[in-house]
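Quick notes on the structure that follows.
The values are calculated or read from the model by the stated rules, or taken from the named source; none is laboratory data. Not measured: the values here are computed from a predicted model. Note that each Cβ is placed from the backbone with ideal geometry, even for glycine, and that neighbours are counted across all protein chains shown.
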Amino acid sequence: MKILIVEDEKLLADSIRLLLEKHGFEADAVYDGDTGDMYVRQGIYDLLILDVMLPGKNGCDLARQVRKDHLGVPILMLTAKSELEDRITGLDSGADYYLTKPFDTRELLACVHALLRRQGSDVNEITFGRTSLDLDSAALRCGEHSIRLSAKEFEIMRFLFQEGGRNLSKEMILSKVWGYDSDAVENHVEVYIGFLRKKLTAIGSDIRIESVRRLGYHLEAAHD
Ligand code: CA
């Protein structure tokens, strides 16, 4: 699980990052809204923790942008102010939860767990066209036919399904599935996309992975 923290109080941002890492998450911290925007647009995070008042774009602008781009990632907003008005603005902009500073680390962790759980709990299957991906068994199914995916295949497929037809660059897939620090190269992505295409064919799926030169991959359903 990857979490992005956008918070201009560096000490706070870094302490949240360390806290999350200590609890088994991968976390990145950036300190201004414009850098935050760049990171957010990669679309590789499972949760965003956004401070409201930031140099550059503020937290509400970022949240609005995320929702405009149809990214369903959960957003936790942090703010020094506890006024009702800020809370409403934050939630209006697309944030899922609001935490007022100063907060206790247990409270933050509880929020993080709750938001991540909420995202995963009610869905154990994602569908595109007539093909579905079972999130518990990692099986890809179309009609009567199903096939199990390997761990990496599953992660790539889930990413493609979640984006619902939006284009994903090889770079985005690499950092989401293999992580920034891995030695994996774009060729790995191509190889796994090849495996996935074979499996889609094997189950007679109505969807296919389209590639756009230099832009990456997206799902397309056959129109019948
Ligand atoms: Ca701030």
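Within segment 198-224, the set of residues being more than 14 Å from Lys152 (Cα to Cα) and assigned to a helix (DSSP H, G or I) comprises Lys198, Leu200, Thr201, Ala202.
Of all residues in segment 9-19, those that are buried (at least 18 other Cβ atoms within 10 Å of the Cβ) and in contact with a Phe, Trp or Tyr (Cβ under 8 Å, 6 or more places away or on another chain) total 1. Whenever a residue of segment 45-68 is small (Gly, Ala, Ser), its partners that are part of a strand (DSSP E or B), lying with C-beta atoms within less than 6 angstrom and at least six residues away or across chains, give the pairs Gly59/Leu50; Gly59/Asp51; Gly59/Met77; Ala63/Ile75.
In segment 20-41, the residue that is farthest from Asp69 (Cα to Cα) out of those that are in contact (Cβ under 8 Å) with a residue 40 or more places away in the chain and buried (at least 16 other Cβ atoms within 10 Å of the Cβ) is Leu20. Report yes if Arg214 is at pLDDT below 90 and more than 18 Å from Glu26 (Cβ to Cβ), otherwise no. It is true that Arg214 is at pLDDT below 90 and more than 18 Å from Glu26 (Cβ to Cβ).
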